[in-house]
Amino acid sequence: MGEPVVGLAGIFAFLVLLFFNVPIAYAMAIVGLAGFSFLVSPSAAFSMLATEMYSSFTSYSLSVIPMFVWMGFLAYYSGIGARLYRTAYCFVGHRTGGLAMATEAACAIFGAICGSNTATTATMGAIALPEMRKYKYDDSLSTASVAAGGALGILIPPSVILLVYGVSTQQSVGKLFIAGIIPGILLMLFYMLAIWIVVSKNPDLAPAGERSTLAEKLNSLRNGVWEILVVFSISLGGLFAGWFTPTEAGAVGCAGILLISAAKRQLNWNGFIKSLRDTTKTTAMIMFMVASAMIFGRFIAISRLPFQLANWVSALDLPAFLVMVFITIVYLVLGCFIDALALILLTTPIFYPVVKVLGYDPVWFGVIVAIVVAMGVITPPVGMNVFVVKGIAKDVPLETIFKGIWPFLLAAIVCVLLLIAFPQIVTFLPKLLS
């Protein structure tokens with residue numbers, strides 16, 4: 001049996017384990033260990049297991065993960081999300097579909113300090129859904145707008161997905177973060193456009209809210225946005241300018257939110273403890289998944305499957321555009337069944353060499369993957385954001401939420417095609433850092 005065939009068999013075995021509900025991290029570790037044992041030796045495989053586990057949990061480059069995760073949970077428990085939503089509502093809530101558009105804007109801004117799609121979805125869902133029900137919004141539109149908006153946290157920096165991609169591919173986290181800004185804003189605008197098109201056809205789905213006065217708009221800006229701008233400017237601005245490493249930028253962001261929350265008395269002791277607990281649990285999950293993916297990646301690399309795939313693709317002499325469309329479709333299909341973080345860790349060792357052979361910018365590819373993964377968290381049957389929204393709106397059937405997802409999914413597909421056709425949209429800002 002050839003080495004690439006063993007690699008393909010390993011991927012099939014991984015999917016079989018997922019079918020039997022084996023946790024993704026365990027499935028990657030089991031298949032990686034077994035495949036490495038088959039291709040090399042059991043003793044080498046167990047030595048590799050110990051080395052990868054130790055190096056992953058002691059890696060300085062991965063220490064950035066708990067910092068940005070904690071920053072998101074601090075923002076969640078200090079009530080920043082509620083103030084952001086109030087600001088967005090003041091500016092667009094009086095329009096038909098305005099509350100849903102306000103949700104997208106608030107999710108985008110909250111994503112700029114959170115980086116977690118589930119945390120963004122949970123925060124905005126708890127705040128926005130009661131308001132939209134108050135104004136008799138259609139359940140399908142309101143719940144779907146929250147689920148789709150939460151996915152913006154995958155793309156807008158500081159994104160945990162982009163961070164893990166950067167660590168996995170040895171790309172600059174700072175460049176990946178700045179590359180996600182314009183596409184993130186663009187995706188938010190496409191989501192708003194999708195809402196406008198839907199409500200234009202049927203205004204009863206999203207009645208207009210109350211109009212805010214100029215004084216209320218200015219007051220909401222003063223009380224709801226300035227601290228986010230300060231934290232974002234100091235933390236990520238310092239990272240982009242080269243003043244901080246990614247880990248230091250995350251620590252500065254955490255310190256900024258702590259100081260602002262303490263000064264305004266918005267974070268109590270119980271919320272502080274909960275933020276630490278949730279950060280510990282989330283970080284442990286991510287780190288273990290990264291370590292398992294490294295084991296799986298070592299097996300895939302030694303099977304030479306990625307290199308054979310890259311050579312095969314280059315020999316086909318197909319336009320690079322068509323190959324990228326195919327890779328995007330594969331990500332979209334797999335995203336319907338596999339968690340976003342696991343999908344990044346699983347597929348990067350396979351497709352990254354192909355992308356390099358095609359001559360595409362690795363930073364651009366990371367942003368494209370982040371958008372497609374963001375589509376995966378709202379598509380059936382494993383759309384994580386949809387299940388988070390379901391946990392908040394318990395009386396709304398899953399079918400109702402998924403029914404409202406399709407306009408947002410189409411908007412995301414258009415966004416991806418635009419970025420594939422015009423990669424300069426992604427690469428413009430990172431080139432300024434070079």
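The figures follow:
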{"read-out": "Filtered residues of the stretch 88-119 (kept if within 18 Å of Asp139 (Cα to Cα) and either under 13 Å from the mean Cα position of the chain (by Cα) or not charged (D, E, K, R) (or both))", "value": "Gly93, Thr96, Gly97, Gly98, Leu99, Ala100, Met101, Ala102, Thr103"}
{"read-out": "Total residues in the stretch 93-134, condition in contact with a Ser or Thr (Cβ under 9 Å, 6 or more places away or on another chain), over 30 Å from Met67 (Cβ atoms) and outside any helix (DSSP H, G or I)", "value": "4"}
{"read-out": "Conditions (1) in contact with a Phe, Trp or Tyr (Cβ under 8 Å, 6 or more places away or on another chain); (2) over 25 Å from Thr379 (Cα atoms): number failed by Cys90", "value": "(1)"}
{"read-out": "Single match in Ser47, Ser63 (criterion: touching a Ser or Thr at 6+ places or on another chain (Cβ under 8 Å), polar (S, T, N, Q) and more than 22 Å from Phe190 (Cβ to Cβ))", "value": "Ser63"}
{"read-out": "Among residues of the stretch 145-160, those that are of a type outside the set (A, V, I, L, M), farther than 18 Å from Met101 by Cα and within 9 Å of the chain's Cα centre (by Cα), counted", "value": "1"}
{"read-out": "Residues within the stretch 355-408 that are farther than 15 Å from Leu162 by Cα, part of a loop (DSSP other than H, G, I, E, B), of a type outside the set (A, V, I, L, M) and modelled with pLDDT of 85 or more, tallied", "value": "2"}
{"read-out": "Residue that is farthest from Val69 (Cα to Cα), among those in the stretch 299-323 that are modelled with pLDDT of 80 or more and either buried (at least 20 other Cβ atoms within 10 Å of the Cβ) or among the acidic types (Asp, Glu) (or both)", "value": "Ser303"}
{"read-out": "Selected residue (criterion: farthest from Gly174 (Cα to Cα)) from residues of the stretch 422-431 that are assigned to a helix (DSSP H, G or I) and touching a residue at least 12 places away in the same chain (Cβ under 8 Å)", "value": "Ile425"}
{"read-out": "Enumerated helices (runs of 4 or more DSSP H) restricted to the stretch 196-265, each holding at least 2 residues that are at pLDDT below 75 and either surrounded by fewer than 17 Cβ atoms within 10 Å (Cβ to Cβ) or not β-branched (Val, Ile, Thr) (or both)", "value": "214-224, 226-241"}
{"read-out": "Selected residue [assigned to a loop (DSSP other than H, G, I, E, B) and not basic (Lys, Arg)] from Tyr137, Tyr165", "value": "Tyr137"}
{"read-out": "Selection count where residues are at negative phi and part of a loop (DSSP other than H, G, I, E, B), scope the stretch 168-193", "value": "3"}
{"read-out": "Residue ID - surrounded by the most Cβ atoms within 10 Å (Cβ to Cβ), chosen from residues in the stretch 1-58 that are polar (S, T, N, Q) and over 26 Å from the mean Cα position of the chain (by Cα)", "value": "Ser37"}
{"read-out": "Lone unmet requirement of (1) closer than 17 Å to Val146 by Cα; (2) buried (at least 21 other Cβ atoms within 10 Å of the Cβ); (3) of a type outside the set (Phe, Trp, Tyr) for Leu345", "value": "(1)"}
{"read-out": "Count - residues of the stretch 324-350 that are in contact (Cβ under 8 Å) with a residue 40 or more places away in the chain and farther than 16 Å from Ile24 by Cα", "value": "7"}
{"read-out": "Odd one out for Ala412 among (1) over 20 Å from Ala151 (Cα atoms); (2) of a type in the set (Gly, Ala, Ser); (3) within 21 Å of the chain's Cα centre (by Cα)", "value": "(1)"}
{"read-out": "All positions within the stretch 383-410 that are under 20 Å from Ser200 (Cβ atoms), surrounded by 22 or more Cβ atoms within 10 Å (Cβ to Cβ) and among the aliphatic types (A, V, I, L, M)", "value": "Ile405"}
{"read-out": "Hits in the stretch 126-144 - residues which are more than 22 Å from the chain's Cα centre (by Cα) and not acidic (Asp, Glu)", "value": "Pro130, Met132, Arg133, Lys134, Tyr135, Lys136, Tyr137, Ser140"}
{"read-out": "Test set (1) over 18 Å from Gly166 (Cα atoms); (2) in contact with a helix residue (DSSP H, G or I) (Cβ under 6 Å, 6 or more places away or on another chain); (3) touching a residue at least 12 places away in the same chain (Cβ under 8 Å) - Ser37 fails condition number", "value": "(3)"}
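The values are calculated or read from the model by the stated rules, or taken from the named source; none is laboratory data. Please read all numbers here as calculations on a predicted model, not as lab measurements. Reconstructed Cβ throughout: ideal geometry from the backbone, glycine too, with neighbour counts over all protein chains shown.
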